[in-house]
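**Q** Have a look at this one.
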Amino acid sequence: MTAINRRLRGARGSRQGMWMLPLLIALAITLWLSLKTAQFLNGENLLNLVPQAMPLVITAVGQMFVVLLGGLDLSVGSIISFTTAVLALGGPSWVLIPAVFVLAALVGFSNGFIITRFNVHPIIATLSMQYILLGITRVLRPVSGGTVPDAVISAVAGSFLGIPMPVFWGVFTLLVAWKLLYGSRFGLHLFAIGGGVSSGVEDAAHNFGIADRRNIVLAYVICACFAALAGIFLAGRIVSGDPNVGLLFELDAITAVAIGGTQLSGGIGSLHGTVIGALVMALLANGMNLTNVSPFIQTTIKGTILLLVVALQSRKKMGL
Amino acid sequence: MAAALAHPVMRRLLRIPPAYYVFAVLLLVLWVARPNMLNLNIMGIFVRQIVPLGILVLGQLLVMRVRSIDLSGGGVILLINYTISSGVFPGASMAFFIVLALGIGLAVGLFNGLMVGVRRVSAVIVTLAVGIVLVGIVQYLSSGKPPGDVPGMFADIYNTKLGPAPTPVIFWVAVSAALSLFLSRTVFGRYVTSVGENVQAAHFSGVPVARTVVLAHTLAGLFAGIAALVQTASIAVGSVRVGLDLPILAVAATILGGVVFGRGEGGVWGPFFGVLSFALLFVVMTTFGVDEPGKLIAQGLIILLAAIFYGIRQRSS
């Protein structure tokens, strides 16, 4: 039993986190759904699953970078809404799309700068950023409307070589994240900084000569840019700007990251775990819609799952 | 800039929680722009509206002083509002509702406390998830439609006045004073301070860290229950949206009042003035015709500037 337990939690001292349990949960949900409803294995539903899951996968992967540092970004929901509002301002797509990324990077940079230079707690810094950005979004676009450039719409809805476009978005996200996390010095430093934070030695990485402030700022910029990417994807799906589309999205992203075995105190986690976590959330939503579960009780079920998953992970740090 | 910050006078001024400065500035703005609004009757009405937030803040400052956070208050307020207004307990007495509300608050607070203090789960995640679960339950039970009316007794008490001041305001001041005394005079108050200063040092000095955190969260749940009763009495009808933004505002007011994760220089009265500042802020913004987006931006900026104020001070000392 203990052997199985250890296997599920990953080997002792692993920095991948507990990702096998969520994988089992995902498989169990898939199995249950395919037995329970005929529609689930239907080709159309499976094709829908990818675009449904994609915004969450992209946002969660971005969120993972700051969570690995022991941080948290609560402003990603607002960045998504803001991105759709900017895209619907009207104008050529070769101006709007770079502009969206520049603005998102600026938001991420402000988050990181405030956190590292002014010693502000990540929750407070990103929470106030969430408010400010939500206000600006509502000024730009009080209610949903406007039209998104055609290039964005066809980049989401079309298909290339017979494969639907959302698949390419997913592959692109994973390749970029994989390179950043496992194929660069930045990724290694991320684990080093987060590992120090989670053991209560905030400046452990700093003392070993790692430029922690620069890497922390970079992680927040990356998180914001992934959120902008998810925003562009969503704008392409809903074809207009919507100030409320990203509402509470940060909660779903954090839930997905937590389900995927990434420890919220930092230092432990994995890319594949995060993707599995996001897929679990998407499968659940899809399954509950197919089985006609009330949308109100769906939030309760999501919250309960989050509670169960975080309660299973033990950590040293107490409090936040 | 560092030299100017290190000056003794500057350091003395920086020690005062920003809530007092914000309160003074807003009062001055109102005095210059709308002097006729500064009378006891009008102010009493504005302050009375903010009392639920004020009571929720008392719990928030308690958990923030032990380096935790409670974001489940919105769910607790919604659930209690629903149980009182939906008529699931027809003909129940006022005392029954009060006991029920306090019981719900205590139970949710105890659960949060056990998860955070004993199970050592991230407080943000636990309290957020508990809030989501409670909101989901209420929305499911009510199918998204507002439930019925609140028994008239609640509004009757809410609308009374003791002398010139409304009863809810007097109640808020009394509860704040009680908490202030509780924190300064009891052993538990000292435990809270030592856990906030340094968890490990507190543990090695024999402070029951886990018990202190659990108790702080349980008390925060109790305050959320009281806040729910006042909020329910103030709107006098059932609602499926009431109080959802209160936990975030409570965090903001607490930070403004000089209590930031683990540091409690602001005591109870700093956050008290933080809440009053928010009351005045809404009055000032409404009189100047600032709309909803502007209010959101102003709220965000105030939280941010207050937090930066602490960050700079910490580095200069």
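Every read-out reported here was derived from the displayed coordinates using simple, explicitly stated rules and does not represent laboratory data. Model, not experiment: these values are computed from the prediction. A quick note on method: Cβ atoms are made from the backbone with ideal geometry, for glycine too, and the neighbour counts reach across all protein chains shown.
**Q** Just the projected area, averaged over all directions, of the convex hull on the alpha carbon atoms of region B:60-100: how many nm²?
**A** Numbers: hull surface 14.0 nm².
Its Cα hull, projected and averaged over all orientations, spans 3.5 nm².
**Q** Okay, next question. I'd like the distance between the alpha-carbon centres of region B:36-110 and region A:61-137, rounded to an integer number of Å.
**A** The distance from the Cα centre of region B:36-110 to that of region A:61-137 comes to 33 Å.
**Q** For the protein assembly as shown, what is the calculated [θ] at 222 nm in deg cm²/dmol (nearest 500), taking -39500 (n - 2.57) for each run of four or more DSSP H residues and dividing by its residue count? Each step should come with its number before you reach the end.
**A** Values: 30 runs with 458 residues, N = 637.
After summing the helix terms and dividing by the residues of the protein assembly as shown, the value is -23500 deg cm²/dmol.
**Q** Give me B:ASP70, B:ASP149, A:ASP150 sorted ascending by neighbouring Cβ count inside 10 Å, so fewest comes first.
**A** On the way: B:ASP70 33, B:ASP149 15, A:ASP150 11.
By the 10 Å Cβ count, ascending, the order reads A:ASP150, B:ASP149, B:ASP70.
**Q** Can you give the relative contact order of chain A as a percent, counting alpha carbon pairs under 8 Å and 6+ residues apart? Numbers along the way, then the final one.
**A** On the way: 536 pairs, mean separation 113.1, N = 320.
It rounds to 35 percent for chain A.
**Q** Using only the Cα atoms of the protein assembly as shown, what are the Rg and Dmax in Å?
**A** In Å, with Rg to one decimal and Dmax whole: 24.6, 79.
**Q** Over its Cα atoms, what ratio of radius of gyration to 2.2 N^0.38 Å does region A:132-261 give? Please report the intermediate quantities before stating the final value.
**A** Details: Rg = 18.3 Å, N = 130, 2.2 N^0.38 = 14.0 Å.
Rg over 2.2 N^0.38 Å, computed on Cα atoms: 1.31.
**Q** Can you tell me which of A:225-233, B:301-309 comes out highest on packing, and rank the rest after it, using the mean Cβ neighbours within 10 Å?
**A** Working: A:225-233: 27.4, B:301-309: 21.2.
The packing order, highest mean first, is A:225-233, B:301-309.
**Q** Taking H as built 1.01 Å from N, whose amide H comes closer than 5 Å to the amide H of B:LYS161, not counting residues under 5 places away?
**A** Sorted by chain and number, the residues that satisfy this are B:THR167.
**Q** Next question. What three numbers, in Å, describe the spread of the alpha carbons of region A:212-320 along their principal axes, ordered from the longest?
**A** Principal-axis extents of region A:212-320 (Cα, largest first): 44, 33, 25 Å.
**Q** Could I ask something else about it? Which residues does the label zone of B:ARG241 cover in region A:115-156, counting backbone N under 17 Å from a point 7 Å along Cα→Cβ?
**A** Counting backbone N atoms under 17 Å from the label point, the list is A:135, A:138, A:142-144.
**Q** For B:VAL260, list long-range residues whose amide hydrogen, built 1.01 Å from N in the peptide plane, is under 5 Å from its own amide hydrogen.
**A** B:GLU265
**Q** Which semi-axes, in whole Å and largest first, does the equivalent ellipsoid of region A:50-312 have when worked out from the alpha carbon gyration tensor as the square roots of 5 times its eigenvalues?
**A** On the way: eigenvalues 160, 96, 65 Å².
Its equivalent ellipsoid spans semi-axes of 28, 22, 18 Å.
**Q** Can you pull the semi-axes for chain B, root of five times each eigenvalue of the Cα gyration tensor, sorted largest first, whole Å?
**A** Working: eigenvalues 191, 144, 60 Å².
Semi-axis lengths for chain B are 31, 27, 17 Å.
**Q** Explain nothing, just the number: relative contact order of region A:153-287, from Cα pairs under 8 Å at least 6 residues apart, as a whole percent.
**A** Details: 109 pairs, mean separation 33.1, N = 135.
About 24 percent, as a whole number.
**Q** Over chain B, calculate the relative contact order: mean separation of alpha carbon pairs under 8 Å at least 6 apart, over the residue count, as a percent.
**A** Details: 484 pairs, mean separation 113.0, N = 317.
The normalised contact order for chain B reaches 36 percent.
**Q** Explain nothing, just compute: Karplus ³J(HN,Hα) = 6.51 cos²θ - 1.76 cosθ + 1.60, θ = phi - 60°, for every residue of region A:296-311 in order, whole Hz, x for Gly and Pro.
**A** 6, 6, 4, 5, 4, 5, 4, x, 5, 4, 4, 4, 4, 5, 5, 5
**Q** Over its Cα atoms, what ratio of radius of gyration to 2.2 N^0.38 Å does region B:203-261 give? Write down the numbers at each step before the final one.
**A** On the way: Rg = 15.5 Å, N = 59, 2.2 N^0.38 = 10.4 Å.
For region B:203-261, the normalised Cα radius of gyration comes out at 1.49.
**Q** Another one. Can you check what the net charge comes to around B:SER194, using other residues whose Cβ is under 12 Å from the Cβ of B:SER194 (Lys, Arg +1; Asp, Glu -1)?
**A** Details: positive: B:ARG65, B:ARG67, B:ARG190; negative: B:GLU197.
Once all neighbours under 12 Å are counted, the net charge is +2.
**Q** With N residues in region A:43-125, what two-decimal value do you get for its Cα radius of gyration over 2.2 N^0.38 Å? Walk me through the numbers on the way to the answer.
**A** Details: Rg = 15.5 Å, N = 83, 2.2 N^0.38 = 11.8 Å.
Here the answer is 1.32, to two decimals.
**Q** Net charge near A:VAL66, counting Lys/Arg +1 and Asp/Glu -1 over other residues with Cβ under 12 Å of its Cβ?
**A** Working: positive: none; negative: A:ASP73, A:GLU250.
Residues near A:VAL66 contribute -2 overall.
**Q** Sticking with this one: Within chain A, what is the longest stretch that has no trypsin sites (Lys or Arg not before Pro) placed in a DSSP loop and near at most 13 other beta-carbon atoms within 10 Å? Could the numbers behind the result be given before it?
**A** Values: sites that count: A:ARG12, A:LYS316.
Answer from the scan: A:13-315.
**Q** Next question. How large is the Rg to Rh ratio of region A:7-163 when both quantities use alpha carbon positions and Rh follows Kirkwood? Write down the numbers at each step before the final one.
**A** On the way: Rg = 19.7 Å, Rh = 18.9 Å.
Ratio of gyration radius to Kirkwood radius: 1.04.
**Q** Just to check I understand the Karplus step: with θ = phi - 60° and J = 6.51 cos²θ - 1.76 cosθ + 1.60, what whole-Hz values come out for region B:184-191, glycine and proline as x?
**A** Calculated HN-Hα couplings, in order: 8, 10, 9, 4, 4, x, 5, 4 Hz.
**Q** Shifting gears a bit: Regarding region B:1-133, what are the three Cα extents along the principal axes, ordered largest first, in Å?
**A** Over region B:1-133, Cα extents along the principal axes are 59, 45, 22 Å.
**Q** Let me ask something else about it. Whose amide H sits under 5 Å from the amide H of A:ILE268, counting only residues 5 or more places off or on another chain, with H placed in the peptide plane?
**A** Residues meeting the criterion, in which the H sits 1.01 Å from N, are A:GLN263.
**Q** Once the Cα gyration tensor of region B:241-315 is diagonalised, what are the square roots of 5 times its eigenvalues, in whole Å and ordered largest first, as equivalent ellipsoid semi-axes? Intermediate results must be reported in sequence, preceding the final value.
**A** Details: eigenvalues 103, 39, 27 Å².
Values for region B:241-315, descending: 23, 14, 12 Å.
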